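Undergrad: My questions will all concern the structure given below.
Quick note: the coordinates plus some simple rules give every number you see, no bench work behind them. Just so it is clear, the structure is predicted and the values come from calculations on it, not from any experiment. Virtual Cβ from ideal backbone geometry, glycine too; neighbours counted across all protein chains shown.
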Amino acid sequence: MTVSTIPSRRGFLVLSGMGILLAGCSTTSVLAPTPGSQDETATALPMVNRLRATKGLSALTLDTPARKAAMVQSIRMAKAEKMTHLIGLGDDFGARMKKSDVALPAAENIAAGQTSVEAAVQAWIDSPKHLENMLGNYRGLGVAMAPSKDGRPYWAMVLSG
């Protein structure tokens, strides 16, 4: 191996790796609707508000931008088949909320595998960090579910200021 071939091989490997990473970052297919995706806000809202009432907190309201953001996130996760807040290189929670016109401050709870909205909300209640979000100083709520191609449900809750 000569010294002159090392940089070109390294460069090729670096560029190939970057191409693979960037190929997984396309948002066009991720944001397309998925069959079976559902806005579950109307069902989740009374559960969350009962919880908040036990702590002396004000009730949340249905929030259209939060509903949109929750739907977008559940679809993104279902298409990626991955439960994560950030999908792809350069993903940014704040930018996603802004794009959906969600009033700030905002928070997002995610879950996967629960077969009902009641089970998803209970999973968030049972998780200290997710519970903290639901008891935070927010005014609006959006909750959505989208199934992956194998039927696994992906859930997102967005709380808005």
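Undergrad: Which whole-number percent gives the relative contact order of segment 43-161, counting Cα pairs below 8 Å spaced six or more residues apart?
TA: 39 percent
Undergrad: Full-extension gain between residue 116 and residue 101, please, as 0.36 nm times their residue separation minus the C-alpha to C-alpha distance.
TA: 2.7 nm
Undergrad: Here is a follow-up. Spin-label point model (7 Å from Cα, Cβ direction): what's the residue 50 to residue 93 distance in nm?
TA: 2.8 nm
Undergrad: Which entries of 55/79; 55/149; 55/82; 55/129 have Cα-Cα distances beyond 28 Å here?
TA: From 55/79; 55/149; 55/82; 55/129, over 28 Å: 55/79; 55/149; 55/82.
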